[in-house]
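The values are calculated or read from the model by the stated rules, or taken from the named source; none is laboratory data. Small disclaimer: the values here were computed from a predicted structure and weren't measured. Reconstructed Cβ throughout: ideal geometry from the backbone, glycine too, with neighbour counts over all protein chains shown. Areas reflect the complete protein model, heavy atoms only, side chains present, ligands, DNA and RNA absent. Shrake-Rupley method; radii C 1.70, N 1.55, O 1.52, S 1.80 Å.
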Amino acid sequence: MGPHGGSALHIIKKTGHPMHDVQQIRTLIIQDPGTSSGALEQSLARAERFTFAVERATDLDGAQTALKGTSFDLLFLDLSLLDDGLDTVEVLARSRSQTALIALGTSEHPDRGLEAARLGAADCLIKETLDRDRVESAVRHALAHRARETELQAYRESLAEAVDASGTGAREVLARHRQAGHTVSESERRLRTVVDHLPQFVSYVDQNLIYRFVNRRYEEAFGLREEDVLGKPLPEIIGQEAFARARHHVERVLQGEQVRYHERFDYRFGGAREMDGILVPDVADDGDVVGYFAVLTDITPYIRTQEALQEREFVLSRAERLASLGSWSCKPCPGRIAVSDGWQELHGWEKDELAWEEFLAVVHDEDVHRLHSAVERVLNEGLQEQIEYRVVRHDDGSVRHVRAHIEAEGDDGENVRAMIGTVQDVTARRHVEEALRESENRFQIMADTSPVLLWMSGTDGLCNFFNQQWLDFRGRSIEEEAGDGWAEGVHPDDYDHCMTTYLEAFKRREAFRMEYRLQRADGEYRWVLDTGVPRISPDGDFAGYIGSAIDITERKAAEETLRQRASELDALQATVLDITAQRDLETLLETIVRRAARLLGAPGGRLYIADPERRKVCPAVSQGPPTLEEPARCAYGEGTAGVVAETGEPLILEDGVAQPQCPDLGDTDAAAGALLCAPLLWEGSVKGVLQVLDDRGGAAFNRDDLDLLTLFANHAAIAIENARLSSELQREGQRLQALSQRLVDAQETERRRIAHELHDEIGQILTAAKLSIQTAQSLPADRAANALTGGIEAVERALQRVRDLSLDLRPSLLDDLGLVPALRWFLDRQAQRASFSVHFDGSPLARRLDPDLEIVCFRIVQEALTNIARHADAESVVVSIAEDESKVDLTIEDDGLGFDVVEALDRAARGESIGLLGMRERAALAGGELAVRSTPGGGTTIHAQLPLSSARPGAEAHEGES
């Protein structure tokens, strides 16, 4: 350790350069002991034009001690040591005027570096971005600044003596010629290049909503030139509709708030865009907001991410005239100076010829010495010189920047005979440089507040710049990420693809786009979309690459979920097509269980059919390994199948625990291990329950699996209902076919009965009448009368029998008097014939019914009493008929033997009996309903409800049936 709290004196020099070929700089580094100075010392060691004798100090007290004992050429001062402000910088700059001062700042506090430069530091370096070129450039600038200050101080001292001799008037002239300036820094150019190649739209708008800066991307996106935008109001450029949406964001940022937003805008020139934006207020030293920075990212759905970012050369518009504005000459030399009209206009002095002192009087006092030195070199060495300096106009005192060219004219003996020069007004260019220098901090803020990760590489392919967003994402310093250090965070599975893509594009000097996983500061690998484009220097040379990366982890996860869901839906579609092709119900149920298990990747499944009347679910199909127990019938609310049948909601069973909770799990459910259970819903009612079972352990079912099974169960319910309807339709067709056959048989039977009646009864009676008449013909008159009387009686019996047959087929009372009288006649007649009593409860109807409805009612009563007479063995029969405004109620009750209604209907469906089926068909054809209630030994009740509207066509279909 040295005596000043730092390290001992040592020499840093570039290997291969002899000490006498380079300038040796006595250097003091004042830096926090907790901060490594390795990057700075490495940069000093690699310098080619200088060698450095370095001494260190770790605090300000040690620095003061070192400065008292040694005269240093150069100071590096770490601004992080200055907790109480930057006064130390100003003190060192003033007290050590012979020593150049370079401040060491950080990217987190760039304003401290600018303040240090204002207080007297020759330059400021950012510690995170130190390299040889930057350090060497800063050293050259600092040493040149020190030399100028030294020369200027000497000149001021000599000039002060002249001023003292000239009086106070000269002092006032000199006082008006004080102003400092600097050349455009290399870092400013680089930063402007970075901003111009950003994929975001970057702009600066002042507090009056006037555009003051836009980057190249902004121009390209909206199809506008920079000169079309700058100086224009914000609403005029983006349009009134877009401004209306952005107004509240703008108002917030102009109140000093940093604003982030995600909005859709319909721009006047750019069309509809989804924008992710950040607005950062620009706060002046007095705390007022003087404008804001806008960094906008176009995130329109399915945005043109395939388009390679195009990097174009950034051209600074310089308000600089190329033509010469003035000239002067001095012949003989030295002598008086002749100036042109242009020189006079530029300098504001209407005088054709000047003395040398007058010529220098319009030069800014800080630049007089440099101009004088340049003239001396031209006179002494016969060289040409180009120099920039400031002039103070003679008429109004305004300051102009000029670029001068000076050269000497000599005789054959190379003696200088004359000296000539030209001057060019470069004030506009200098103003641009100052504006760019002022905007350097703005550009730095834009890069660091951009919501994307930015990087740059050099011509060697190694990265040399990362914005703050990248460093925060990675949790590493720029030194750790520089070069190919960033690649350490690439996922091993993506490393080869990532590096191959980058290096191949680098060789071909073309844009690239790639996706890979990059490790975040918390150790998690995140998917990023990285896009890079070649960077071209102003002279057209390849300068490396610039690129940006966006975190797309959520998008990748969404894409994977969509792919998985698409695969599941494809499988579901194939499964649904398979089950809907089945028409046999038993085969369909087996197919549903097999397909459901395959769809969910499970070894087995079950299907229950719901019985709402008994509130039970009955197992219909069970498929799976032998380890799964056979299911049993269970009541609603019992077991998973009973709970789902009762609630109509699906559930998941894992390790014997159901979600939602199931109060009573059966043994078969508990043995299943993992189970999915979904209802088979048809028109809001539960038709059955579908289960998928897995007793293998391992990965459990999840909610997505349950949703998929529920969707499948909905389609399965439709398929089951279609198959059931198809089966019912088939059975109905068979029933109708049997009914038709029975109707034909009934008609033939009725015809045989009528034929038998005609032949056996009426035919015999008529034969007897014929014989009586024939006998009367052969008898004497006194005896023929008795024979004719027997024949007449036989004919009367035949006529009565014909009337009876006619009434049995269709009573004329029904057509003549209506339904109620016809029923009274028919019931009285049946009571006389049968062994039971009949009671009729029916008042005359308020109006005559439709004839078709009357015949339907009559035939239902006729068929009911015929069945009672044949099968019931009843003692009493009650028939009632009543009407209201819309319907007729017809009831036939007996106290006979009764029967099993279901069994009787099954016999009718098989074609064994058509009595009950015929009555139902007649009621249905009339638009009504017929219900039969009967139990063995408990009598029978037949109730028909028939609408008063006309019977539908076909109501007479059963006419002629017995």
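For the reader, a short list of remarks on this structure follows.
- When G483 is tested against (1) without any contact (Cβ under 8 Å) to a residue 60 or more places away in the chain; (2) open to solvent by 30 Å² or more (accessible area, probe 1.4 Å); (3) more than 29 Å from Y204 (Cβ to Cβ), just one condition goes unmet, and that condition is (2).
- Total residues in the range 39-85 satisfying the condition of being open to solvent by 10 Å² or more (accessible area, probe 1.4 Å), over 29 Å from A482 (Cβ atoms) and outside any helix (DSSP H, G or I): the figure is 7.
- Residues satisfying the stated conditions in the range 566-604, i.e. closer than 15 Å to D707 by Cα, modelled with pLDDT under 70 and touching a helix residue (DSSP H, G or I) at 6+ places or on another chain (Cβ under 7 Å): E568, A571, L572
- Close pairs from the range 330-341: first in a strand (DSSP E or B), partner at pLDDT 75 or above and charged (D, E, K, R), Cβ under 6 Å, at least 6 apart: A338/E353
- Hey, R273 basic (K, R) and open to solvent by less than 70 Å² (accessible area, probe 1.4 Å) or not: yes
- Considering the range 430-531, the qualifying helices (runs of 4 or more DSSP H), each wholly inside and each with 1 or more residues that are modelled with pLDDT under 90, under 23 Å from D196 (Cβ atoms) and among the polar types (S, T, N, Q), run over 468-474.
- Counted residues, the range 339-359 - those being within 26 Å of T150 (Cα to Cα) and open to solvent by less than 20 Å² (accessible area, probe 1.4 Å): 1
- Residue within the range 107-130 that is farther than 14 Å from L77 by Cα, small (G, A, S) and modelled with pLDDT of 75 or more present: no
- Flag if V250 is of a type in the set (A, V, I, L, M, F, W, C) and surrounded by fewer than 19 Cβ atoms within 10 Å (Cβ to Cβ): yes
- If you go through the range 360-385 and keep only what is in a loop (DSSP other than H, G, I, E, B), open to solvent by 30 Å² or more (accessible area, probe 1.4 Å) and under 20 Å from L346 (Cβ atoms), you end up with just E366.
- The number of residues in the range 253-267 being basic (K, R) and buried (at least 17 other Cβ atoms within 10 Å of the Cβ) comes to 0.
- Taking first residues from the range 778-793 that are open to solvent by 90 Å² or more (accessible area, probe 1.4 Å) and partners that are in a helix (DSSP H, G or I), the Cβ contacts under 8 Å between residues at least 6 apart in sequence or on separate chains come to I792/A769.
- Test result for E241, assigned to a helix (DSSP H, G or I), surrounded by fewer than 16 Cβ atoms within 10 Å (Cβ to Cβ) and at pLDDT 85 or above: yes
- From the options E366, E388, E357, residue that is at pLDDT below 85 and of a type in the set (D, E): E357
- Whichever residue in the range 532-542 is modelled with pLDDT under 90 and out of contact with any Phe, Trp or Tyr (no Cβ under 9 Å at 6 or more places or on another chain) and, among such residues, is surrounded by the most Cβ atoms within 10 Å (Cβ to Cβ): S537
- Residue within the range 697-704 that is modelled with pLDDT of 80 or more and open to solvent by less than 50 Å² (accessible area, probe 1.4 Å) present: no
- Selection status of A755, open to solvent by 40 Å² or more (accessible area, probe 1.4 Å), at pLDDT below 70 and among the small types (G, A, S): yes
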